């Protein structure tokens, strides 16, 4: 079984070293790091690991977006013949200790999606209210359309059976990438289960950048991508599901 862990990176110099070291404790196979035009010292941190672990490095001169990093990870896994892929963010919100169990949980499904809401704990952090509200709203819409029964449609930590990704035609380069992914996953018949993880928010000041820091603008952007993707695959969205705030 050929397994890959992929980490999208954009200006994560403060947390990147610790995350990569932690990943190495739980995953001895190859690691793909996608440096999406970081302007801090992230590239130097990545290079410091290349002699001690099996690491591949995609580096862009300019920021192309979170979605593009995910598209690159999928393409790399397919092109290099990997069987399974785990994606994990490097902002300290995802715990690498889950990687072995997440790989094991891919058995029997195409996607094992981590959820910060599947199993509540008193130790869970309280998320920023706007992020939680938007996540719940969009997850509800995805569930009505797909029947997947998700509790967290935006979590970036996921496990994938790589062969199942081959028919997907993903083009969304921004933060709405998960919405496009779920619609195509449903269209192409991918099977899904969720995997519970802790809800960790260490930095409430993290931003989406520019106008997307406004919750209404972010929701409008997410919905526009969702509506466009559904039309692309001849799906219709009931009017009562259209976000109005």
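The values are calculated or read from the model by the stated rules, or taken from the named source; none is laboratory data. These figures come from a predicted structure and were not determined experimentally. Because the Cβ atoms are built from the backbone with ideal geometry, glycine has one as well, and the counts that use them run over all protein chains shown.
So the values come out like this:
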{"quantity": "Any hit, region 120-142, residues being touching a strand residue (DSSP E or B) at 6+ places or on another chain (Cβ under 6 Å), surrounded by 14 or more Cβ atoms within 10 Å (Cβ to Cβ) and at pLDDT below 90", "calculated": "no"}
{"quantity": "Evaluation of residue 102 against (1) over 18 Å from the mean Cα position of the chain (by Cα); (2) over 23 Å from residue 11 (Cβ atoms); (3) surrounded by 15 or more Cβ atoms within 10 Å (Cβ to Cβ) (one fails), failing number", "calculated": "(1)"}
{"quantity": "Qualifying residue in region 36-46 (condition: under 24 Å from residue 181 (Cα atoms), within 16 Å of the chain's Cα centre (by Cα) and assigned to a strand (DSSP E or B))", "calculated": "yes"}
{"quantity": "From 91, 83, 72, residue being touching a helix residue (DSSP H, G or I) at 6+ places or on another chain (Cβ under 7 Å), within 25 Å of residue 179 (Cβ to Cβ) and surrounded by fewer than 23 Cβ atoms within 10 Å (Cβ to Cβ)", "calculated": "91"}
{"quantity": "Selection count, region 160-177, where residues are in a helix (DSSP H, G or I) and surrounded by 17 or more Cβ atoms within 10 Å (Cβ to Cβ)", "calculated": "4"}
{"quantity": "Any hit, region 190-198, residues being surrounded by fewer than 15 Cβ atoms within 10 Å (Cβ to Cβ) and modelled with pLDDT of 95 or more", "calculated": "yes"}
